[in-house]
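Below is one structure, written out as structure tokens; the observations come after it.
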Amino acid sequence: MSRIAFNQSRMFMRKSFAANPSFTNRAFLSTGLQRLQQQQQAGKNTTHFGFRDVAEEEKESLVHEVFANVASKYDVMNDAMSMGVHRIWKDEFIRSMAPGPGTKLLDVAGGTGDIALRFLDYCKNVHHDNTATVKLVDINPHMLGEGEKRFQKTPYANTNQASFLVQNAEHLDEIPDESVDVYTIAFGIRNCTHVDKVVKEAHRVLKKGGRFMCLEFSKVDNPVIGKFYDIYSFDIIPALGQAIAGDRDSYQYLVESIRQFPPQEEFAQIIRDAGFKTIGKGYEDLTFGVAAIHSGFKI
């Protein structure tokens, strides 16, 4: 800007202020309001919902809507998305647990009952045991309802071996301190608002010597495999969600939530920070790191 233009602009502003003193007040008021709004926004605690940033208090309802939408097709979609590989991962998860007779399992985000059923079948088939028990906990009653319907078609229907509870993984208010032998959460913890609080609650409810186990999607380190995995995740899975469940958006969120979850080493440290003792690196990669089994013991 030339000196002449600058001086003309300055003279115009002075005349405007003199002719309309409230102009200055409005300008300062507008700036002040903008700063206040920015400060209020900055003061909000935010988290991720897929690739979106949302207020923490919003995430729970958004996740609830996702799983309410997909509950009836959840198991079918798991088979379609993973081409059945999720079954192998869950079988390995139970083999790694190797529960003994009479084990008390708390299966959080237990949903449709995949882990709970495998657990009871293992105890029955390996130990001929019918004293092991599992409590399935899920924040979403639609998912838990699918699990209850599924259990009604099994030998465990109308027994005291399985029970169901709607509860938030961050606040297991109805689960007493040091009351369970094993705590599991499979493909659920990444949907929680505060992952660290979930792990700390697990530590609280486990008995001394009890075991925390988590099966979750993780980070693929191989760049070639990772490239194909990204293409499959973002191009194929949402399309399958639309074709099978009539819901592209929910499966877009699920894919994005996987990418937002901490990588293996970082999550293993969260487990240790909650008070658990891990063995070795604390996790086992499955299928090149597409998923991982995390484990820690309460000493």
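The values are calculated or read from the model by the stated rules, or taken from the named source; none is laboratory data. These numbers were taken from a predicted model, which means no experiment stands behind them. Using ideal geometry, Cβ is built from the backbone for each residue, glycine included, and neighbour counts are taken over all protein chains shown. What goes into the accessible areas is simple: the full protein's heavy atoms, side chains included, and nothing from ligands, DNA or RNA. Shrake-Rupley method; radii C 1.70, N 1.55, O 1.52, S 1.80 Å.
Things to note:
A quick yes/no check of all residues on (1) at pLDDT 95 or above; (2) outside any helix (DSSP H, G or I); (3) not β-branched (Val, Ile, Thr):
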{"site": "Val70", "(1), (2), (3)": "no, no, no"}
{"site": "Tyr74", "(1), (2), (3)": "no, no, yes"}
{"site": "Asn78", "(1), (2), (3)": "no, no, yes"}
{"site": "Ile88", "(1), (2), (3)": "yes, no, no"}
{"site": "Phe93", "(1), (2), (3)": "yes, no, yes"}
{"site": "Pro99", "(1), (2), (3)": "yes, yes, yes"}
{"site": "Gly102", "(1), (2), (3)": "yes, yes, yes"}
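- The criterion of being open to solvent by 10 Å² or more (accessible area, probe 1.4 Å) and on the phi > 0 side of the Ramachandran plot holds for Gly102.
- Taking the stretch 236-277 as the range and being crowded, with 16+ Cβ neighbours inside 10 Å, of a type in the set (Gly, Ala, Ser), more than 15 Å from the chain's Cα centre (by Cα) and not in a loop (DSSP other than H, G, I, E, B) as the test, the residues that pass are Gly241, Ala245, Ala268.
- Given (1) open to solvent by less than 10 Å² (accessible area, probe 1.4 Å); (2) hydroxyl-bearing (Ser, Thr, Tyr); (3) farther than 27 Å from Lys227 by Cα, index of the condition Ser295 fails: (1)
- Restricting Thr159, Thr184, Thr193 to those that are in a loop (DSSP other than H, G, I, E, B), within 15 Å of the chain's Cα centre (by Cα) and β-branched (Val, Ile, Thr) reduces the list to Thr193.
- Within the stretch 150-165, considering residues that are at pLDDT 95 or above and farther than 14 Å from Val134 by Cβ, the one least open to solvent (accessible area, probe 1.4 Å): Gln152
- Subset of the stretch 111-149 [assigned to a helix (DSSP H, G or I), crowded, with 21+ Cβ neighbours inside 10 Å and of a type in the set (Val, Ile, Thr)]: Ile115
- For Phe217, the criteria (1) open to solvent by 60 Å² or more (accessible area, probe 1.4 Å); (2) touching a strand residue (DSSP E or B) at 6+ places or on another chain (Cβ under 6 Å); (3) farther than 24 Å from Gly100 by Cβ hold in every case but one, which is (1).
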